[in-house]
Amino acid sequence: MRQLARNLAAIRHPDLMLGIPVYGDLAHVHDHVVQADGAFDETIRGILNLKRHGVRVEIRVVLQQQTIPRLAALARFLARNLLFVDQVALMGLELTGFARANLEQLWIDPVDYQAELREAVGILDRAGMRVSIYNSQLCTLDPALRRFARRSISDWKQEYLPACDRCDVRAECGGFFATGRLRYSRGIRPIQKGRDS
């Protein structure tokens, strides 16, 4: 693991940043999500080794039923223990692969986790960590969170719904995964500037 970190550091590419998933502040939560015993400890050791060698690291947290209940606790864990990472990305769920196969156990409407997301973003932001929200439609986010949202869905798998045609912030919104047609939030609606900001 240390040799891999050294090798990555030796590349010295200015745009290299590794996105590493961390799904919980407790080992058993993370290990359950990734379905591998010992994964949490190995992941944290890997992050420490990468940062020791100067490799940029983005922590990635997928927002789904199993991660939302402890999202604020995870944010506190990151702010206390991994303050030195380069970014934390809180990522909307892409309904493909195992997520598609386990839809009922993973999907949660973004409208239903805004309080948890607001608390987690607040913890990270107050700690001085760079925090971004990926893969989320602006209309599903609490207005106070919209400044953290990024257009993160690749053009080739991005689409918009007909309701988006009347939205004043469509150009700033990441839209939807073309793979995610199984579920859409009940919060999808056009944002009208001056009324929804």
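The values are calculated or read from the model by the stated rules, or taken from the named source; none is laboratory data. Only a predicted model underlies this, so the values are computations on that prediction, with no experimental measurement involved. No Cβ is skipped: glycine too gets one built from the backbone with ideal geometry, and neighbour counts run over all protein chains shown. When the accessible area is computed, the model is the full protein with side chains, heavy atoms only, and any ligands, DNA or RNA have been set aside. Shrake-Rupley method; radii C 1.70, N 1.55, O 1.52, S 1.80 Å.
Observations
- Long-range neighbours under 7 Å by Cβ, at least six apart or interchain, first residue open to solvent by less than 20 Å² (accessible area, probe 1.4 Å) within segment 108-126, second among the basic types (K, R): D109/R186
- Residues located in segment 62-118, provided they are assigned to a loop (DSSP other than H, G, I, E, B), within 19 Å of V29 (Cβ to Cβ) and of a type in the set (S, T, N, Q): Q64, Q65, Q66, T67, N102
- Leading residue by the ranking (farthest from G175 (Cα to Cα)) among those in segment 127-143 that are part of a loop (DSSP other than H, G, I, E, B) and touching a Gly at 6+ places or on another chain (Cβ under 9 Å): L141
- Here D15 meets each of (1) closer than 20 Å to R130 by Cα; (2) open to solvent by 60 Å² or more (accessible area, probe 1.4 Å); (3) assigned to a loop (DSSP other than H, G, I, E, B); (4) touching a helix residue (DSSP H, G or I) at 6+ places or on another chain (Cβ under 9 Å) with one exception, condition (4).
- Entry remark, segment 20-37: residues being open to solvent by 40 Å² or more (accessible area, probe 1.4 Å), within 15 Å of R60 (Cα to Cα) and either assigned to a strand (DSSP E or B) or modelled with pLDDT of 95 or more (or both) number 1 in total.
- Qualifying residue in segment 9-19 (condition: in contact with a Gly (Cβ under 8 Å, 6 or more places away or on another chain), small (G, A, S) and under 23 Å from L83 (Cβ atoms)): yes
- Every residue from segment 144-197 that is in a loop (DSSP other than H, G, I, E, B), open to solvent by 50 Å² or more (accessible area, probe 1.4 Å) and among the charged types (D, E, K, R): R150, R151, D168, R181, R183, R186, R189, K193, R195
- Of all residues in segment 97-107, those satisfying the criterion of being open to solvent by 60 Å² or more (accessible area, probe 1.4 Å) and either within 14 Å of Y184 (Cα to Cα) or under 13 Å from the mean Cα position of the chain (by Cα) (or both) are R100, E104.
- Residues that are among the aliphatic types (A, V, I, L, M) and touching a residue at least 40 places away in the same chain (Cβ under 8 Å) were ranked within segment 127-143; the one that is most open to solvent (accessible area, probe 1.4 Å) is A127.
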